[in-house]
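The values are calculated or read from the model by the stated rules, or taken from the named source; none is laboratory data. This one's a predicted model, so the numbers in the text were calculated from it and none came from an experiment. Heads up, the Cβs are rebuilt from the backbone with ideal geometry, glycines too, and the neighbour counts pull from every protein chain shown. Surface areas here come from the heavy atoms of the whole protein model, side chains and all, with no ligands, DNA or RNA. Shrake-Rupley method; radii C 1.70, N 1.55, O 1.52, S 1.80 Å.
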Amino acid sequence: MQDNIVIQAPAVATQRSTREWQQADSKHFLHPFTDFGSLNKKGSRIITKAEGIYIWDSEGHKILDAMSGLWCVNVGYGQQSLIDAATRQMKELPFYNAFFQTATPPSIELAELLAQVSPPGFEHVFFTGSGSEGNDTIVRMVRRYWDILGQPERHVIISRKNGYHGSTMAGASLGGMSYMHAQGGLPIPGIVHIDQPYWYENGRDMSRADFGKVAAGWLEAKILEVGPEKVAAFIGEPVQGAGGVIVPPETYWPEIQRICDQYGILLVSDEVICGFGRTGHWFGSQTMGSKPDLMTFAKGVTSGYIPLGGVMVGDRVAKVLIEQGGDFNHGFTYSGHPVAAAVAVANIKLIQQLRLVEHVRDNVGPYLAEQFESLRDHPLVGDVDHCGMMAGLLLVKDKAKGTPFPSELEVGMVCRGHCFGNGLIMRAVGDRMIIAPPLVMSRAQIDELMALVRKCLDLTLADANRQGWL
Ligand SMILES: *Cc1c(COP(=O)(O)O)cnc(C)c1O
């Protein structure tokens, strides 16, 4: 054995052709949330580099990434301070765990910084590797909390249809996606769902404000149905992301808060998308006016540069776990990973330096809202939603009546195809077209984005006219 083995990394073969990448991809790589067979026939789009708010594919196309990767690249691509933080930490200490009564400086510094940017009453954090693992942690932690308090029968968690909380067994169970529940024997026991606060679909015969209270009332009805003594917690995203950027009426969250308080139920805010500035506050619950007991985070905490997630644990729960709990038999190899933590620290400091939260709240958030409102005059647009740097619009067949397109036409996918073809990443959730662009965007870049959005709507309208869909 040599006593000092330093293995040089082999040069990565980045120079293959698109076709070669696609062939190797379809031969070996099973993609998430994908029909493997049909993707293999089409071939993936290979993304090779990124800078600022743009990505490039292997054919050299420049694309405006209005989805921030997957709701995560809040500070945009190519931020040197995050790259440097990872490089430095990898050299210094690439890994050590937090199981053996040990900790690393970056994980401690991150815990401290998270407590600082969180609302008052959040002094503790439990780290995970992803948002899904964060929500698994939530399920175990809230049930443990009630066990410690001598109420083990309080184990039911209420969440919402069309909510998204990740793809592990607990995450997918908390989520309300029926197509996910259809696979793998979900939901797991003790998780029940209420309807989502989607005004356009479920409450257009009322004012938004009235509908918000009605929709929150579904929580109370479910609590009474299950039995208040059996309900542990309610979980929701401040603004539903993957469900289609569904922004609840202003009356919704305060009423949810009132109901949770009345029955003593823990309130959990899944901040995986809304956290770290996206809605114009550090956390979406602040924008929506609720005071959760626990918050799940991931995505924006590192701007997606490296995987990291976790749970902010509010004082009510932390006190019980710490003072009365004994061992909490839960954790992950990468809970508090030093490289991920170092990147998160750099990311949060960058958000602070650039004043990105204020930038969203006072500048680009209101500007994006104004621009999306102006889309209401488009013949295909039935409704628009927006909150900070998230926005959505609904494509409809008949705006006056609000008639949807038949779902088999997949008009959303047609529109998404035009976006891809014209250098814009905008996602389709059914016929809702949604964006969550990087928070660092300027107004001029929003103008550029909106010109592309309008162009793609017009191309979709031309298709609809030509095909007789209207
Ligand atoms: C993405 C997401 C998750 C899951 O996070 P992963 O890191 O993909 O496991 C959970 N909750 C919400 C609201 C999300 O958007």
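When residues in segment 439-470 are screened for being open to solvent by 10 Å² or more (accessible area, probe 1.4 Å), under 23 Å from Glu410 (Cβ atoms) and not polar (S, T, N, Q), 12 of them pass.
Listed conditions (1) under 15 Å from the mean Cα position of the chain (by Cα); (2) open to solvent by 10 Å² or more (accessible area, probe 1.4 Å); (3) closer than 21 Å to Gly163 by Cα are all met by Pro307, apart from (3). Of all residues assigned to segment 268-281, at least one qualifies as being away from the ligand (no atom under 16 Å from the Cβ), among the small types (Gly, Ala, Ser) and buried (at least 22 other Cβ atoms within 10 Å of the Cβ).
Which of the residues belonging to segment 282-302 are open to solvent by 10 Å² or more (accessible area, probe 1.4 Å) and either within 10 Å of the ligand (Cβ to nearest atom) or part of a loop (DSSP other than H, G, I, E, B) (or both)? Residues satisfying the conditions are Trp282, Gly289, Ser290, Lys291, Pro292, Asp293, Lys299. Answer yes or no as to whether Gln89 is of a type in the set (S, T, N, Q), more than 16 Å from the ligand (Cβ to nearest atom) and within 30 Å of Asp25 (Cα to Cα). When the stated conditions are applied, Gln89 does not pass them.
Somewhere in segment 84-97, is a residue under 30 Å from Val364 (Cα atoms) and either among the aromatic types (Phe, Trp, Tyr) or free of Cβ contacts under 8 Å to residues at least 60 places away in the same chain (or both)? Scanning segment 84-97 turns up no residue that is under 30 Å from Val364 (Cα atoms) and either among the aromatic types (Phe, Trp, Tyr) or free of Cβ contacts under 8 Å to residues at least 60 places away in the same chain (or both).
Is it the case, given these coordinates, that Ala436 is closer than 21 Å to Ile63 by Cα and buried (at least 23 other Cβ atoms within 10 Å of the Cβ)? It is true that Ala436 is closer than 21 Å to Ile63 by Cα and buried (at least 23 other Cβ atoms within 10 Å of the Cβ).
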